[in-house]
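Structure, as structure tokens:
Read-outs throughout are calculated quantities, based only on the coordinates presented, and are distinct from any laboratory measurement. In this text the structure is predicted, and so the values were computed from the model without any measurement. Glycine gets a Cβ as well: all are built from the backbone with ideal geometry, and neighbour counts include every protein chain shown.
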């Protein structure tokens, strides 16, 4: 993709459009989306009249690369130039893993401009405070929102993915005009798994498929395996993988099963899960380490040494 963009850039220069503001803004966006943040910045610096899309492209590009300081410098520069950040700008910051101090500074800036209750911004604030484990602020923001959409409900449910409040919020969501989507059910199934609510998890999964006609993703399948495995129902978890999934199980599914086997000391199924993971993630040291722990717990020390040798052959650290 980047090669196509570079070819377009060469044609831009060849046809004398190298100083065209519209074209340059588009190039910044293209390079940033392709992951070439250095070239995006070089083009960005050459633009005399920077459009909002260019500022946002640079900010989002830096955030994707984990360069928060650079993204913040663009934000303050943008404000100094009199270009008002929009919901795209603010959401990009707030939904990333921002340090608490920076996030609250942005929240303060939003509050002073009276845009705190813009739907996109409010949703992003919920995500930010969820990432900071500030559930009191998350709840306050959610309850004060003048309007909510499916993203709002998904965000508040996700914030409580390890406790029963997730199910309570889902009940409220069903009474609202928002319809759940595939994202909604991931934290719901996760909450059921953490709480050991197997029957509720099964009910949620059936509701998702039958009532809302949502095709399960690999993440949903992994949640169901985790639901059974955490409860010690290893046979049920394995049966789900083998007989109930409509696609080939991926690493997250086998990983959930392997971890459940480790927690409950099931070496037989753990061995099966690990062998699948060794093929899917040949460099995944954690999979080897978990199987070693399972074997050690079962007193199978020859198998411990066999897996250690396998790790050495693959150049993995013990």
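Taking 0.36 nm per residue of separation and subtracting the current Cα-Cα distance, fully stretching the chain between residue 175 and residue 217 would add 12.6 nm. Name the residue, out of 113, 39, 203, whose mean-square fluctuation peaks in a Gaussian network model built on the chain with Cα pairs under 10 Å. Maximum fluctuation in the GNM of the chain, among the listed residues, is at 113.
Paramagnetic label reach from residue 52 (point 7 Å along Cα→Cβ; backbone nitrogen cut-off under 12 Å): within the stretch 81-96, residues 83-90.
Where q = 0.07 Å⁻¹, what log10 of I(q)/I(0) comes from the Debye formula for the chain, counting one point per Cα? Evaluating at q = 0.07 Å⁻¹ gives log10 I(q)/I(0) of -0.42. Reported to the nearest whole Å, the Cα centre-to-centre distance from the stretch 34-79 to the stretch 106-124 is 21. Applying 1/(1 + (r/R0)^6) with r as the Cβ-Cβ distance of residue 309 and residue 233 and R0 = 25 angstrom yields a FRET efficiency of 0.15. In this label model, residue 144 and residue 285 are separated by 4.5 nm, measuring between points 7 Å along each Cα→Cβ vector.
Measure nothing but the geometry: give the 0 to 90° angle between the long axis through the Cα atoms of 21-33 and the longest principal axis through the Cα atoms of the chain, rounded to 10°. Tilt relative to the chain: about 20 degrees.
Using alpha-carbon pairs under 8 Å, 6+ residues apart, how would you state the relative contact order of the stretch 216-318 in percent? Intermediate values should be presented prior to the final figure.
Details: 122 pairs, mean separation 21.9, N = 103.
That works out to 21 percent.
Distance between the modelled labels on residue 64 and residue 76, one decimal in nanometres: 2.6 nm (7 Å Cα→Cβ projection). Taking 35, 182, 255 in turn, the Gaussian network model of the chain (Cα-Cα springs below 10 Å) assigns the largest fluctuation to 35.
Take every pair of alpha-carbon atoms less than 8 Å apart whose residues are at least six positions apart; their mean separation over the length of the stretch 96-238 yields a relative contact order of 16 percent. Shape verdict for the stretch 93-147, please, from the Cα gyration tensor: rounded (a/c under 1.5), prolate (a/b greater than b/c) or oblate. It comes out oblate by the Cα gyration axes. With r as the distance between the Cβ atoms of residue 165 and residue 206 and R0 = 30 Å, compute the FRET efficiency 1/(1 + (r/R0)^6) and round to 0.05. Between residue 206 and residue 165 the formula returns 0.85. Computed over the chain, relative contact order equals 7 percent, with contacts defined as Cα pairs under 8 Å that lie 6+ residues apart.
Put the Cα centre of the stretch 240-295 next to the Cα centre of the stretch 150-228 and the gap is 24 Å.
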